[in-house]
Amino acid sequence: MKNNKLLTVMLIILLTITLIGVVVFVLLTQFNKQSAEVEPSIDEIVEASVDVPQITTNLADNSIAMISLKIQTDSKKAAEELTKRDFQTKNIVITLLSEMTKEDLKGKDGKLSFESTLKSQLNELMQEGKVQQVYITSYIIQ
């Protein structure tokens, strides 16, 4: 009877220590993962970005859109590749805009939708990296 009670207490203590160890391990790995993900500096962002000069094209509703972009990639190599793919980038932008109307681009949601679609289509082309963000730097619709 006394041995069973002692064995039970020892098992509970062992399980408690194991549980505490697992919790500490999980917490430490999560904190290390977060600290490893350091945001790039502005110089690194600019170095890994590509400017798309102003593009003027017709929209689906016969309005005219003039737009300039800055495309942020995940590395300098990816930016170099995107620079070489300038003609493909312009083609995708013109194609996307030609299918949109003035109303499609209206407001924050319209612009975010355009940026998101452009980002995903450019990522399909990329081989050396990925597009992280598309910024509209100039935007006029008439």
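The values are calculated or read from the model by the stated rules, or taken from the named source; none is laboratory data. Computed from a predicted model, the values in this text were never measured in an experiment. Virtual Cβ from ideal backbone geometry, glycine too; neighbours counted across all protein chains shown.
Going by the structure shown, is ILE45 surrounded by 12 or more Cβ atoms within 10 Å (Cβ to Cβ) and part of a strand (DSSP E or B)? Please lay out each step first, then the result.
Values: surrounded by 12 or more Cβ atoms within 10 Å (Cβ to Cβ): yes; part of a strand (DSSP E or B): no.
Spelling it out, it is not the case that ILE45 is surrounded by 12 or more Cβ atoms within 10 Å (Cβ to Cβ) and part of a strand (DSSP E or B).
Would you say VAL26 is without any contact (Cβ under 8 Å) to a residue 24 or more places away in the chain, assigned to a helix (DSSP H, G or I) and under 17 Å from THR137 (Cβ atoms)?
Values: without any contact (Cβ under 8 Å) to a residue 24 or more places away in the chain: yes; assigned to a helix (DSSP H, G or I): yes; under 17 Å from THR137 (Cβ atoms): no.
No, not satisfied.
Return the total of residues in region 112-142 being closer than 26 Å to LYS102 by Cβ and touching a helix residue (DSSP H, G or I) at 6+ places or on another chain (Cβ under 8 Å).
Within region 112-142, the subset closer than 26 Å to LYS102 by Cβ is 112-122, 131, 133-142.
Of the ones still in play, those that are also touching a helix residue (DSSP H, G or I) at 6+ places or on another chain (Cβ under 8 Å) are 114, 117-118, 121-122, 131, 133-136, 139.
Residues meeting the conditions: 11.
Cβ-Cβ distance below 7 Å, separation of 6 or more or different chains: which pairs start in region 71-94 with a residue that is free of Cβ contacts under 8 Å to residues at least 60 places away in the same chain and end on one that is among the β-branched types (Val, Ile, Thr) and assigned to a helix (DSSP H, G or I)?
LEU82/THR89
Give the residues of region 95-117 that are in a helix (DSSP H, G or I) and either touching a residue at least 40 places away in the same chain (Cβ under 8 Å) or small (Gly, Ala, Ser) (or both), sorted by residue number.
Within region 95-117, the first condition is being in a helix (DSSP H, G or I), and the residues that meet it are 95-98, 107-117.
Answer for region 95-117, where residues must be in a helix (DSSP H, G or I) and either touching a residue at least 40 places away in the same chain (Cβ under 8 Å) or small (Gly, Ala, Ser) (or both): LEU97, SER98, GLY107, GLY110, SER113, SER116.
Within region 35-50, can one find any residue that is of a type in the set (Val, Ile, Thr) and in contact (Cβ under 8 Å) with a residue 12 or more places away in the chain? Walk me through how you get there before you give the answer.
If we filter region 35-50 for residues that are of a type in the set (Val, Ile, Thr), which is where we start, we get 38, 42, 45-46, 50.
Filter again for in contact (Cβ under 8 Å) with a residue 12 or more places away in the chain, leaving 45, 50.
Yes - at least one qualifying residue is present in region 35-50.
If only one of GLN133, GLN121, GLN127, GLN72 is in the same structural domain as GLU47 (by TED's automatic domain parsing), under 24 Å from VAL46 (Cβ atoms) and loosely packed, with under 13 Cβ neighbours inside 10 Å, which one is it?
GLN127
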